[in-house]
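Colleague: Sharing a structure here in structure tokens format.
Nothing in this text is a laboratory measurement; each read-out follows from the coordinates by a stated rule. All figures in this text were calculated on a predicted structure; none of them were measured in a lab. Positions of Cβ are backbone-derived with ideal geometry, glycine not excepted, and every protein chain shown enters the neighbour counts.
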Ligand SMILES: C[S@@+](CC[C@H](N)C(=O)[O-])C[C@H]1O[C@@H](n2cnc3c(N)ncnc32)[C@H](O)[C@@H]1O
């Protein structure tokens, strides 16, 4: 394994190729050959891909866990990690893209099935909990390799790796190309959305016995009106959009007057007029009435 890109068009002879959302055995094979762990634990073992890979390498002490009763019905949310190890591979559900309990196995949805979360936020929270648990179980110097996909839902893009906590020191970030996905031939709405053809394989290392580095994503909603960072062009453009793309000076002053940028400049109204004059993105429709368009010539843009 000498590249941060993985591409395995075939999944190999490992595991159940009909198990929904299974991964190529070569992913696990490459990781095991590279890290050569003394003890390998697989969380979310699914259709047995990791079991077969471990067996093919002659490993006789690996452990494969899944809520699926076929793998003992081990519940990542409620049950303890049964052993310590120097390498954990985990391949969680892709939020609710594929339902496991009551679909891939069992007759009923299981309340702790990661693929049965009521919301994306609940899914990420539960995944964080499981990842923290996996990390705690590692021996110092051990690795947690997690294979995570991105999700598109009704046109919205969800980057699970961006939203989940990063627990431990990142050692590698590998992009894995995806093949034979259920969405491969799906056209998204107006077809302008780019198909997701990759997954992320993140490798976290435990570097200290007690201390745990955690990177957390903070989501905030900012208001451009409260910032002096936007240029006058940005401000006038935004006010124009707010006003439907056409506006008179009075309307523009009304919208722009309560921006931080205006409050900090006593000549702000002159600044607005100057901006309208200088950029060809703003064109006069009639005296004192302006429209928003796109710049035709980069040289005339301010
Ligand atoms: C993406 S699949 C893993 C596929 C596997 N790598 C393979 O190649 O077949 C995710 C798995 O997570 C399991 N799962 C969901 N919630 C779980 C939980 N709370 N505890 C343990 N396993 C869970 C599902 O049963 C499913 O098998």
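Colleague: Over the chain, what is the relative contact order in percent, taking alpha-carbon pairs closer than 8 angstrom and at least six residues apart? Walk me through the intermediate numbers first.
Modeller: Working: 497 pairs, mean separation 38.3, N = 302.
Computed over the chain, the figure is 13 percent.
Colleague: Another question about this same structure. Rounding to the nearest 10 and keeping the result within 0 to 90°, find how far the Cα-based axis of helix 232-242 lies from the longest principal axis of the chain.
Modeller: 80
Colleague: If every alpha-carbon in the chain counts as one equal scatterer, what log10 I(q)/I(0) does Debye give at q = 0.08, 0.14 1/Å?
Modeller: The Debye formula, applied to the Cα set alone, gives -0.52, -0.97.
Colleague: Please list, by residue number, everything in the range 21-43 whose backbone N is under 12 Å from a paramagnetic label point 7 Å out along Cα→Cβ of residue 103.
Modeller: Output list for this probe position: 21.
Colleague: Provide the gained length on full extension for the span residue 17 to residue 216, in nm with one decimal, where the gain is 0.36 nm per separating residue minus the Cα-Cα distance. List each step's numbers first, then the result.
Modeller: Details: separation 199, 0.36 × 199 = 71.64 nm, distance 3.51 nm.
In short, 68.1 nm is gained.
Colleague: Turning to a different aspect of this structure: Relative to the compact globular guide of 2.2 N^0.38 Å, what is the alpha carbon radius of gyration of the range 1-88, as a ratio?
Modeller: Values: Rg = 13.0 Å, N = 88, 2.2 N^0.38 = 12.1 Å.
Ratio of Rg to 2.2 N^0.38 Å for the range 1-88: 1.07.
Colleague: So what is the relative contact order for the range 224-300, in percent, with contacts set as C-alpha pairs under 8 Å and at least six apart?
Modeller: Numbers: 84 pairs, mean separation 25.3, N = 77.
Relative contact order for the range 224-300 comes out at 33 percent.
Colleague: Which angle between 0 and 90 degrees, to the nearest 10, do you get for helix 268-278 versus the longest principal axis of the chain when only C-alpha atoms count?
Modeller: Roughly 90 degrees between the two axes.
Colleague: Another question, then. Which value at 222 nm does the chain reach when only helices count, each DSSP H run of 4 or more adding -39,500 (n - 2.57), with the total divided by all residues and rounded to the nearest 500 deg cm²/dmol?
Modeller: -7000 deg cm²/dmol
Colleague: Let me ask something else. Using R₀ = 45 Å, calculate the FRET efficiency as 1/(1 + (r/R₀)^6) where r is the Cβ-Cβ separation of residue 112 and residue 254; round to 0.05.
Modeller: Numbers: r = 54 Å, r/R0 = 1.19.
Rounded to the nearest 0.05, the efficiency is 0.25.
Colleague: I would also like to ask the following. If I model a spin label as a point 7 Å beyond the Cα along the Cα-Cβ vector, how far apart are those points for residue 55 and residue 119 in nm?
Modeller: So the label points at residue 55 and residue 119 sit 4.3 nm apart.
Colleague: Given a Förster radius of 41 Å and the C-beta distance between residue 266 and residue 295 as r, what FRET efficiency does 1/(1 + (r/R0)^6) yield to the nearest 0.05? The partial results should precede the final answer.
Modeller: Numbers: r = 29 Å, r/R0 = 0.71.
FRET efficiency, residue 266 to residue 295: 0.90.
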